[in-house]
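The next block holds one structure in the form of structure tokens; read it before the comments.
Each value in this text was obtained by applying a stated rule to the coordinates, not by laboratory testing. The structure displayed is predicted, hence computed values, not measured ones. Positions of Cβ are generated from backbone atoms using ideal geometry, with glycine treated the same way; all protein chains shown enter the neighbour counts.
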Amino acid sequence: MADEQLTAPTKTTATRTSRTRVKPVTQVLGIDIGGTGVKGAPVDVTTGELLAERLRIETPQPATPEAVAAVVAEIAAHFNWTGPIGVGFPGVIKDGVVKTAANVDKSWIDVDASKLIADVTGSPKVCIGNDADVAGLAEVTFGAGKDHTGFVIMITLGTGIGSAFFFNGKLLPNMEFGHVEVGGKNAESWASDAAREREDLKWEKWGKRVDRVLHTIEDLVWPDLFIVGGGVSKKSDKFFPYFTLRTPIVTANFLNDAGIVGAALHAK
Ligand code: BGC
């Protein structure tokens, strides 16, 4: 060993080194598991572009690990995918293991989701992260938070409320500010897009609720920028006018695809 280190590399060594160099991953299948739909598409992780039209399948109910994993396998098969897979999941994830499941079946808790999805898809590499964290990653890398220094918070408004914190582009994972208490209520159950639909709220009433949630967050942690994502962010002109925040706020660039793109980037 010592001899090897002292000797200058021979031609053979150099050739072997260049032959075995690992090629950087450029294409990853991104999967976004949501409370109502599971979406996926192959992504070019060097540009953030989808390489094919995304496939969306309704989330099975009950959304158990087996049922959802079968849908993920169906999406992988649809794209004939044998490469790496990145997954965004609507709960806290620690080392590939699910720790909370507010909007999917509780039987997900403590499931090693990376392993489960690797088993059903046969993928050599599966990387799973919180859905808001990975969506935020897409935005700070290629979207509305690109080149933004300081403290950026991504908020996703959907079945639940997700939040992701970035400082100088670096993620601090599993920030569950969608469950912050506002007026004695869990923010998510009162101000998510699902709550708007469930209670048939007018844009003004709902916009003011979201404003209160964001105020609570900005008073606690003082971000430099909010990015708002989730399907409803397409209609930001209907509810942004009711915001009274001191923090600058913009909509996500990727809109509905942030989860897919970010899941792929996270796996890269
Ligand atoms: C979960 C978060 C998730 C958010 C959006 C919340 O209920 O606790 O982990 O990011 O929903 O799906």
Positive end of the charge dipole of the chain (Lys, Arg +1 and Asp, Glu -1 on Cβ, about the Cα centre): tell me which of V182, T64, A132 has its Cα farthest that way.
A132
Excluding residues fewer than 8 places away in the same chain, name every one of the lysines whose C-alpha is closer than 21 Å to that of K238.
K202, K205, K208
Straight-line reach from K106: which aspartates and glutamates fall under 14 Å, measuring Cα to Cα and dropping same-chain residues less than 8 apart?
E66
Picking from L172, L157, L255, which is most flexible by a Gaussian network model of the chain using Cα springs under 10 Å?
L172
Only helical DSSP H runs with n ≥ 4 go in: add -39500 (n - 2.57) per run for the chain, normalise by residue count and round the 222 nm mean residue ellipticity to 500 deg cm²/dmol.
-10000 deg cm²/dmol
Using a cut-off of 18 Å between alpha-carbon atoms, which lysines can reach K170, once sequence neighbours fewer than 8 places away in the same chain are excluded?
K94, K146, K268
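Step by step: find N for the chain, compute 2.2 N^0.38 Å, then divide the Cα radius of gyration by it. What's the final number? Don't skip to the end; give the middle numbers.
On the way: Rg = 20.5 Å, N = 268, 2.2 N^0.38 = 18.4 Å.
The value comes to 1.11.
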Among DSSP bridges having both ends in the chain, what percentage is antiparallel? Round to the nearest 5.
60
Output needed: percent of Cα pairs per 5 Å distance bin for the stretch 147-252, bins running from 0 to the one holding the longest distance.
2, 13, 25, 28, 19, 9, 3, 1
Hey, got the dipole for the chain? About the Cα centre, +1 on K and R Cβ, -1 on D and E Cβ, debye to the nearest 20?
440
